[in-house]
Amino acid sequence: MIKIGIIGAMELEVEALQKEMALEGVIKKAGMDFFEGALDGVPVVIVRCGIGKVNAALCVQILADEFRVSHVVNTGVAGSLNAQLDIGDILISRDALYHDMDAAVFGYQPGEVPQMGFREFKADEKMMNLAKEACEKANPDIHVMYGRVVSGDQFISSKEIKERLISEFHGDCAEMEGAAIAHGAYLNGLPFVIIRAISDKADDSAEMDYPTFEGAAAKHSAALVKEMIKGILP
Ligand code: ADE
């Protein structure tokens, strides 16, 4: 059975979707409110997980164990690491990895979780395609592209760190949950995609831009999610 877990880190990232859903019930777990119901007739569980990797990973596990979701979608905002991604544009994950996992001293690649054998968690291709098509429909004036999400427990707001995330990880956008959601989805055998609208440039201007643009960016991402999930139904 199709049931889509939709995760946003912040209230702003999920509130528009929660308002539009046909709500069946709210279950509280690990301090998170899981809103179960349907969005345009598609079974969903929508949840604000809170910020950072631990919150994100716990949330995916609860969606898998308690709600038996079939797919995971992460909606939200991110800092751009790619000159082609301007504030307001949208990035759809091709893959996601951690920028703050480092066991290089034992020969692992930067970002690789030891003993995992790879460092990139690959998004589901069908969901990626649906997200791109949906964006062209829901937000036709917005530039959208596929790319790499790099995640860590750090708000990126310096040129030096931004440069490192580009040179070492080839990231296209930086945020704080995507790779943990991807990792959790992978361990539970769930297809996932991360959709992030750009709220800042992850450099010295990020502190100023983020609060200015996060609201509009979060709404763009949510509008896309609403449009795309219809395509997941068989
Ligand atoms: N989310 C939005 N902008 C971000 C940034 N610059 N760093 C980390 N997470 C973000």
Above-threshold pairs, the threshold being 23 Å between Cα atoms, out of Lys3/Lys29; Lys3/Lys132; Lys28/Lys126; Lys159/Lys226: Lys28/Lys126; Lys159/Lys226
Enumerate the whole-percent occupancy of each 5 Å bin, from 0 to the last occupied one, for all C-alpha pair distances of the chain. 1, 8, 16, 21, 21, 16, 10, 5, 2, 0, 0
With both bridge residues required to lie in the chain, what share of the DSSP beta bridges run antiparallel, to the nearest 5%? 40
Quick calc: nm separation of the 7 Å Cα→Cβ label points for Asp65 and Phe106 -> 2.5
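Can you tell me how the stretch 141-192 classifies by the Cα gyration tensor, rounded, prolate or oblate, using a/c under 1.5 as the rounded cut?
Details: a/c = 2.24, a/b = 1.41, b/c = 1.59.
Taking the square roots of the gyration eigenvalues as a ≥ b ≥ c, the stretch 141-192 is oblate.
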Whether the stretch 1-122 is rounded, prolate or oblate, judged on the alpha carbon gyration tensor where a/c under 1.5 counts as rounded: prolate
Sorted by chain and number, the residues with a modelled amide H under 5 Å from that of Val77, at a separation of 5 or more or across chains, are Ala197
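Once you sort the root eigenvalues of the Cα gyration tensor of the stretch 67-143 as a ≥ b ≥ c, which label holds: rounded (a/c under 1.5), prolate (a/b larger than b/c) or oblate (the other case)? Write out the running numbers ahead of the final one.
Details: a/c = 2.93, a/b = 1.61, b/c = 1.81.
Cα axes put the stretch 67-143 in the oblate bin.
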Could you look at the stretch 98-152 and say what percent of its accessible area is carbon and sulfur, using a 1.4 Å probe and all protein chains? 50
Checking every Cys Cβ in the chain against the others at 4.7 Å leaves as unpaired Cys135, Cys173
Between the stretch 165-226 and the stretch 60-107, the alpha-carbon center distance in angstrom: 6
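The values are calculated or read from the model by the stated rules, or taken from the named source; none is laboratory data. Treat the numbers as computed from the prediction; the structure is a model and nothing was measured. Cβ sites come from the backbone with ideal geometry, for glycine too, and all protein chains shown count toward neighbours. What goes into the accessible areas is simple: the full protein's heavy atoms, side chains included, and nothing from ligands, DNA or RNA. Shrake-Rupley method; radii C 1.70, N 1.55, O 1.52, S 1.80 Å.
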